[in-house]
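Step one of this worksheet: look at the structure below.
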Amino acid sequence: MPAPKGNQFAKGSKTNGRPSLCKAQYVKVAKELCERGATNGELARFFKVNVSTIRQWRMEYEDFSTAVRVGKQIADQRVEQALFERATGYDYDFDLGHGKSVVRHLPPDVAAIKVWLFNRRPDRWKERVEVTDQRGGLADLEPEQIKRLMVRRMIQWGLVDPANVPPDLLPPPDGTIDTDAE
């Protein structure tokens, strides 16, 4: 559909729309920003456009998309390397000034080790929350039912004489426990 009559932005355009705000120099800048950890939202703020425009540029301009993807990969690799070094410990030179330095050792960090193993070896290192099925146990019974069960067992084991048990706690004559009791 052609642009409305009198639209100054559509003159000479094959797409009948406003020219793109994406400029060739944005490719290099976007890559550098992404290498420093910029998100699509931060790119949008830097270029003074909406995040949807950044997504559109990434779909329309292969060089822009590649620059953003490569820049983010470089940043991710640097973070991975830093996490690895933090997880394994490392040595670094500490500048004492006047041309003197000393080698310091930073020991491994347990939290970094945990993050690394949970992500790289999830089959062997993951937080396990084991839930056991407790249906049918005492926890599912009402207090009155638990009392009756205990009295029944005490009678079975010969610990209590049924003649000394209050009638409301005596088991039914067939030996079952009334699970529908209040």
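The values are calculated or read from the model by the stated rules, or taken from the named source; none is laboratory data. On a predicted model such as this, the values are computed, not experimentally measured, just so you know. Cβ atoms come from the backbone with ideal geometry, glycine included; neighbour counts cover every protein chain shown.
List, please: which pairs have Cβ atoms under 6 Å, are six or more places apart or on different chains, and start with a residue in region 51-77 that is farther than 14 Å from V27 by Cα and end with one that is surrounded by fewer than 16 Cβ atoms within 10 Å (Cβ to Cβ) and not polar (S, T, N, Q)?
V51/G41; A75/G37
It is to be established whether one or more residues within region 112-132 are closer than 30 Å to R36 by Cα, part of a loop (DSSP other than H, G, I, E, B), at pLDDT 90 or above and not assigned by TED's automatic domain parsing to the domain that holds R36.
no
Surrounded by 12 or more Cβ atoms within 10 Å (Cβ to Cβ), at pLDDT below 90 and over 30 Å from V110 (Cβ atoms): does that describe C22? Working first, answer last.
On the way: surrounded by 12 or more Cβ atoms within 10 Å (Cβ to Cβ): yes; at pLDDT below 90: yes; over 30 Å from V110 (Cβ atoms): yes.
The answer is yes for C22.
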